[in-house]
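All of the numbers you see were taken from the coordinates with simple rules; none came from a lab. Values in this document were obtained by computation on a predicted structure and should not be read as measured data. Positions of Cβ are backbone-derived with ideal geometry, glycine not excepted, and every protein chain shown enters the neighbour counts.
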Amino acid sequence: MSAQHGDRAAAAKTPGPLSQLAGKGGGAPLLRVEGLSRKYGGRIGCSDVSFDLHAGEVLAVVGESGSGKSTLLQLLATRLALDAGSLHYQITGRGLVDLSALSEADRRWLMRTDWGYVEQNPRDGLRMNVSAGANVGERLMAVGARHYGEIRSTAKDWLQRVEMDPARLDELPTGFSGGMQQRLQIARNLVTRPRLVFMDEPTAGLDVSVQARLLDLLRELVTDLGLAAVIVTHDLAVARLLAHRILVMREGRVVETGLTDQVLDDPQHPYTQLLVSSVLQV
Amino acid sequence: MNALPGYNFAYLDEQTKRMIRRALLKAVAIPGYQVPFGSREMPLPYGWGTGGIQVTASILGQEDVLKVIDQGSDDTTNAVNIRRFFNRTAGMATTDRTEEASIIQTRHRIPEKPLNENQILVFQVPLPEPMTRLEPREAVTRKLHALADYGLMHVKLYEDIARYGHIATTYDYPVLVNGRYLMAPSPIPKFDNPKLHMSPALQLFGAGREKRVYAIPPWTRVESLDFEDHPFSIQRWQQPCALCDAEDSFLDEVVLDGGGRMFVCSDSDYCQTRQAAGHTGSENTPTEVSA
């Protein structure tokens, strides 16, 4: 263990295997992650993760509970401070910018215009005491929209896009089913047309038929809007359906990466083989 | 003059007054910003104007003339008690007349008569944080203030329109001070919001329980938040004041003994001054009075 800790600083300087793989598309990446590490006291949350994410690309992060998936996502979304490593993001008109060098005001602006974050539990991502319309409109108002009629019609539009009944615009999210709340959360995040969305188990906690419809919707939106996304999931089927690339984590480290079909059909690492073979077949 | 023996002038000790004055100076320097201060126990419960009293006590001098109003009236319990409190502990002159006062402590109203440069208006504030209903964590609201990130307040106004068809917030209507800080104007009716704007008088706000003071210096821009297609508007009434016929003042609805109701000025000094000048309304025409 101690030897690994010593290696980390050195490892952070060399790009990981995935960034080489992702470099194939050419052009600058949307998000460049290098040597990302975070410890919780002596315990490793996430260690030496590196990859590039290009515009329009969907990356799934899979692994069992406690493997560091959620820690990674929170580090990426700058919700947690990094212990080591760096994050660069392609800001329109400014090129690749080191996120740690951004002012807090700039970072917040980025988070609610160019980024989205879909929480696993929609109650964490929604404002439960205001109507669906206000939930969708909040980001618009935060970036300066001051025309009630326009905010409202945009919100209505987005309810339709996530296949919700626009007549429920003025209802509180507390009255919605879990699947609807998750749709609303997605609409609320996409209303400013972000380029990058982080999703933490977006379909967990929903029953299978609702899950299937939500996945369908997500796939559609991601292709329509050309979204780049990082999706954390323990469900390999979700990864298979949505992701172009996959990143398998175990004990805070990336054990295998590659194209989704390649990794799932021909897993190389014993842990990935275990994961793939553990999927229940009906 | 004839203050009670055993008390320091205006009740608070001098060090406390200095501490509050320092906080007030900072508040004036940063219009609309909530400055923390060491609020003291006062001989009346929280919610009765402990913040306003401490601010008044720390700026009061021997020469000052104090007016205290509650809901516009000089004669309600809160106003009478606070006026008597300062009468006893500071022994200084008090008045009912807006134009004679140098310091006016108020709860829920701004006097109808325009104020001047030599006057200070002290507000009693129950909740200094305008976003507290939407974001109860103070660490977060302070950050929102620091970053001037006020979209949240519009979410509340949006919600008002979505539910009631218009902005239903009628008191404590949020304002933006000097184009920078979002501020709760204390529970004054939105009717009074325009009076905050470019006021010649210094306006001080004290919240005793929440331990915050803030200020609007004279001649400062104060804008009420609104939407482009739902602009800010103030309350209007169908009829003028039933006692003084005023059409430009904030009216209270009063239920009469006979079951009827009348609308009268909430600012008692304004109403009485007008009546003394010969204005009469529907409820006190000269024939009725002489009969």
field: Per-peptide average of other Cβ atoms within 10 Å, ordering A:257-264, B:226-233, B:51-58, A:56-63 highest first
entry: B:51-58, A:56-63, A:257-264, B:226-233
field: Binned Cα-Cα distance frequencies in the protein assembly as shown - 20 Å width, integer %
entry: 18, 38, 27, 15, 2, 0
query: Just counting partner chain Cβ atoms within 10 Å, what average do the residues of peptide B:18-26 show around their Cβ?
result: 0
statement: Along region B:162-169, Karplus-curve 3J(HN,Hα) (6.51, -1.76, 1.60; θ = phi - 60°) to the nearest Hz, with x for Gly and Pro, reads 4, 8, 10, x, 8, 6, 8, 6
message: Using 0.36 nm times the number of residues separating B:HIS166 and B:ASN118, minus their current alpha carbon distance, what extension gain do you get?
response: 13.5 nm
message: Spelling out what I want: for every residue of region B:252-258, take phi, set θ = phi - 60°, compute 6.51 cos²θ - 1.76 cosθ + 1.60 (Karplus), and round to whole Hz; glycine and proline get x.
response: 9, 8, 10, 7, 8, 4, x
field: Share, in percent, of DSSP beta bridges within region B:85-206 that are antiparallel, nearest 5
entry: 30 percent
field: Cα pair distances of region A:158-200 binned at 10 Å [whole percent]
entry: 27, 56, 17, 0
- request: Kindly provide the trypsin sites (Lys or Arg not before Pro) of region A:93-198 that DSSP labels as loop, not H, G, I, E or B, and whose Cβ sees at most 10 other Cβ atoms within 10 Å.
  value: A:ARG94
message: Between region B:86-117 and region A:44-70, what is the separation of their alpha carbon centroids in Å?
response: 65 Å
- request: With an 8 Å cut-off on Cα pairs and a minimum separation of 6 or more residues, tell me the relative contact order of region A:66-196 in percent.
  value: 28 percent
message: Quick check: Cα centre of region B:10-26 to Cα centre of region B:45-84, how many Å?
response: 16 Å
Lysine pair count for the protein assembly as shown [Cα-Cα under 16 Å; pairs on different chains or 8 or more apart]: 7
- line: Non-local residues with an amide H under 5 Å from the amide H of B:ASP252, with H modelled 1.01 Å from N and Pro and chain starts lacking one, are B:VAL264, B:CYS265, B:SER266
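Would you tell me the mean number of C-beta atoms belonging to other protein chains that fall within 10 Å of each C-beta in A:134-144, as a whole number?
4
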query: How big is D for region A:123-253, in µm² s⁻¹ as a whole number, if Stokes-Einstein is applied with the Kirkwood radius of its Cα pairs at 20 °C and 1.002 mPa s?
result: 138 µm²/s
message: Amide H of A:VAL97 versus every other amide H placed in the peptide plane: which residues, excluding those fewer than 5 positions away on the same chain, fall under 5 Å?
response: A:TYR89, A:GLN90, A:ILE91
message: Defining a contact as two alpha carbons under 8 Å apart and six or more residues distant in sequence, what relative contact order in percent does chain A show?
response: 24 percent
- request: At most 11 other Cβ atoms within 10 Å and a DSSP loop assignment: could you name the trypsin sites (Lys or Arg not before Pro) in region B:201-291 that fit?
  value: B:ARG236
message: From the phi angles alone, apply the Karplus equation (6.51, -1.76, 1.60; θ = phi - 60°) to region B:20-27 and give each ³J(HN,Hα) in whole Hz, x where the residue is Gly or Pro.
response: 5, 5, 4, 4, 5, 4, 5, 4
query: How well do other chains shield peptide B:136-147, expressed as the mean number of their Cβ atoms within 10 Å of each residue Cβ?
result: 1
- request: Compute the long axis of helix A:2-13 from its Cα atoms, compare it with the longest principal axis of the Cα atoms of chain A, and write down the angle in degrees, 0 to 90, nearest 10.
  value: 70 degrees
- prompt: According to the Cα gyration tensor, what semi-axes, each the square root of 5 times an eigenvalue, does the equivalent ellipsoid of chain B have, listed from largest to smallest in whole Å?
  reply: 30, 28, 15
query: What ranking, highest mean first, results for peptides A:224-233, B:171-180 when packing means the other Cβ atoms within 10 Å averaged over each residue?
result: A:224-233, B:171-180
query: In region B:110-182, which GluC sites (Glu not before Pro) are in a loop and have at most 11 other Cβ atoms within 10 Å, using DSSP for the loop call?
result: B:GLU117
- request: Quick one: work out Rg over Rh on the C-alpha atoms of region B:103-191, Rh as Kirkwood radius.
  value: 1.01
